[in-house]
Amino acid sequence: MKKGISSIICLLALVSASFLPTNAHILNQKSDEAAAIRELLLIHKKFIEVTSKGDSDGMGMLVAEDYTVIGVDGQKADKAKALEAVKKNGGVVVMEETDQSARLIDGAGIVTGMISWKAGPPENEVKGKVRFIEVWRKESRAWKLVVAQATNVVTG
């Protein structure tokens with residue numbers, strides 16, 4: 001009888017263990033997530049580069065068709081309006097990023113950070129700081145920006 005009970009316990013232990021993820025699986029999952037975050041940060045950097053240069057075509061390739069942005073003035077713009085605004089800036093915006101982070105939530109990429117920016121000729125230069133959040137999703141194996149929002153940072 002003891003042999004039968006210990007056989008059942010061993011069998012249950014083996015069956016239970018087969019449902020647990022292996023350490024290798026956990027490591028691969030973390031490695032895949034880290035790679036996705038690196039890829040997300042690179043595409044975000046590209047987005048900042050093309051928008052600061054006034055490259056609306058480059059921006060158009062990085063944003064989803066249903067892209068929406070809420071600007072520092074609280075106004076909402078769709079993809080067409082956002083591309084038009086970037087084209088109008090003519091590449092005269094200089095941006096410096098700090099406090100950047102990214103994470104994945106259920107397949108969506110979230111990037112946050114702060115940008116110090118300045119635009120215009122030295123005699124008429126305007127500048128400021130904004131905190132931003134971007135929501136990205138994978139479309140056909142490429143990250144596309146879906147929603148962005150910026151808030152002015154008031155320093156006093």
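Below are the figures for this structure:
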| quantity | calculated |
| --- | --- |
| Failed condition for residue 79, given (1) in contact with a strand residue (DSSP E or B) (Cβ under 6 Å, 6 or more places away or on another chain); (2) under 29 Å from residue 32 (Cβ atoms) | (2) |
| Only listed residue being modelled with pLDDT under 90, within 22 Å of residue 134 (Cα to Cα), surrounded by fewer than 12 Cβ atoms within 10 Å (Cβ to Cβ) and among the charged types (D, E, K, R), chosen from 57, 73, 32 | 32 |
| Pair list, Cβ under 9 Å, 6 or more apart: the range 106-120 residue among the charged types (D, E, K, R), other residue assigned to a loop (DSSP other than H, G, I, E, B) | 118/125 |
| Matching residues, the range 135-145, being without any contact (Cβ under 8 Å) to a residue 40 or more places away in the chain, of a type outside the set (A, V, I, L, M) and assigned to a strand (DSSP E or B) | 138 |
| Residue ID - farthest from residue 59 (Cα to Cα), chosen from residues in the range 116-156 that are among the hydroxyl-bearing types (Ser, Thr, Tyr) and exposed (fewer than 14 other Cβ atoms within 10 Å of the Cβ) | 155 |
| Members of the range 60-70 that are surrounded by 14 or more Cβ atoms within 10 Å (Cβ to Cβ) and in a helix (DSSP H, G or I) | 60, 62 |
| Residue 94 part of a strand (DSSP E or B), under 29 Å from residue 30 (Cα atoms) and either touching a helix residue (DSSP H, G or I) at 6+ places or on another chain (Cβ under 6 Å) or open to solvent by 60 Å² or more (accessible area, probe 1.4 Å) (or both) | no |
| Residues (surrounded by fewer than 14 Cβ atoms within 10 Å (Cβ to Cβ), within 17 Å of residue 47 (Cβ to Cβ) and either of a type in the set (S, T, N, Q) or at pLDDT below 85 (or both)) located in the range 76-91 | none |
| Pair list, Cβ under 6 Å, 6 or more apart: the range 73-99 residue over 22 Å from residue 120 (Cα atoms), other residue open to solvent by less than 100 Å² (accessible area, probe 1.4 Å) and among the small types (Gly, Ala, Ser) | 99/113 |
| Residues satisfying the stated conditions in the range 135-156, i.e. in contact with a strand residue (DSSP E or B) (Cβ under 9 Å, 6 or more places away or on another chain) and charged (D, E, K, R) | 137, 138, 139, 144 |
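Let's see how each residue does on (1) of a type in the set (Val, Ile, Thr); (2) farther than 23 Å from residue 35 by Cβ; (3) touching a strand residue (DSSP E or B) at 6+ places or on another chain (Cβ under 7 Å); (4) not in a loop (DSSP other than H, G, I, E, B):
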residue: 100; (1), (2), (3), (4): no, no, yes, yes
residue: 116; (1), (2), (3), (4): no, yes, yes, yes
residue: 128; (1), (2), (3), (4): no, yes, yes, yes
residue: 133; (1), (2), (3), (4): yes, no, yes, yes
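The values are calculated or read from the model by the stated rules, or taken from the named source; none is laboratory data. In this text, all values refer to a predicted model and were calculated from it rather than measured experimentally. All Cβ positions, glycine included, derive from the backbone under ideal geometry; neighbour counts span all protein chains shown. Ligands, DNA and RNA are excluded from the accessible area calculation, which covers all protein heavy atoms including side chains. Shrake-Rupley method; radii C 1.70, N 1.55, O 1.52, S 1.80 Å.
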